[in-house]
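To keep things clear, I will list the structure first and then write my remarks on it.
A short reminder: the numbers here are calculations on the coordinates, not readings from a lab. Please read these numbers as outputs of a predicted model, since none were measured by experiment. Reconstructed Cβ throughout: ideal geometry from the backbone, glycine too, with neighbour counts over all protein chains shown.
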Amino acid sequence: MLSGHDFLMARAALDELADARELIVCVDSAKTVLVPAALYSTDMNEGYMAVNDKPVDDDESVVTAALGDVVALMAVDSRIATLLSNLEECKVCYTSPLLEGVVNYTRAVRITLTAENTYVVVSDNGKLLYAEVFATTEPDNLMFVMNKLGDVLSLKGYEVRVQGDAAPMIVESLSELFADCKTL
């Protein structure tokens, strides 16, 4: 959440981008869900979020990003969404770490660690099998999640790559479960 000071700093940063033609915003939000593009309808944004136990608060807006046959819905501070939508002469595009984890060349698990969230994407030669964001970066919590996912999705033999500041610590923990586990 942005404080008043952070909000003013964000506004100043946007003013500096006034000449940009395109702005790509990567949203780091625990309130992120993926919906198949074939089932997606703009008027259902808040419903998709609610049914995935990620209800949108009164001070939040839903922004979207599409990649292939998947649409990511992300809850963001409404003030920032309004500022970005009002940028003249600049196309604003959103993305999410959940959209960036699908690997086309092998069976893979991609884990992206941010300051507060962990994004996990499991794919099999380009086919998305699982994608979720967890509001934690604690190694013990991630070990639990990956252990359960390994059981449910039979992840033995999958390439596991971890990125983010705490990646080396997470790789060390996950190396017990996965033989091919490295930092990205």
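Arranged from fewest to most other beta-carbon atoms within 10 Å of their beta carbon, V63, V103 become V103, V63. Summarising the label geometry, the points placed 7 Å from Cα in the beta-carbon direction at Y130 and Y105 lie 2.4 nm from one another.
Here is the size of segment 19-95 from its Cα atoms: Rg then Dmax, 12.6, 39 Å. Per-residue extension of 0.36 nm, minus the Cα-Cα distance of N147 and L23, leaves a gain of 40.9 nm for this segment. Calculated [222 nm] ellipticity per residue, helices only, for the chain: -8000 deg cm²/dmol; basis is -39500 (n - 2.57) per DSSP H run with n ≥ 4, divided by all residues, nearest 500. For the pair D43 and D165 in one chain, pulling the backbone fully straight at 0.36 nm per residue adds 40.2 nm over the alpha carbon distance. Reported value for segment 107-183: 75 Å³ per residue, from the convex hull of its C-alpha atoms. The peptide list 72-79, 36-43, 124-131, put in order of mean Cβ contacts within 10 Å with the highest first, becomes 72-79, 124-131, 36-43.
Stokes-Einstein diffusion for the chain at 10 °C, viscosity 1.306 mPa s, with a Kirkwood radius from C-alpha pairs, works out to 90 µm²/s.
Spacing of the modelled spin labels on E89 and E138, each 7 Å from Cα toward Cβ, amounts to 4.9 nm.
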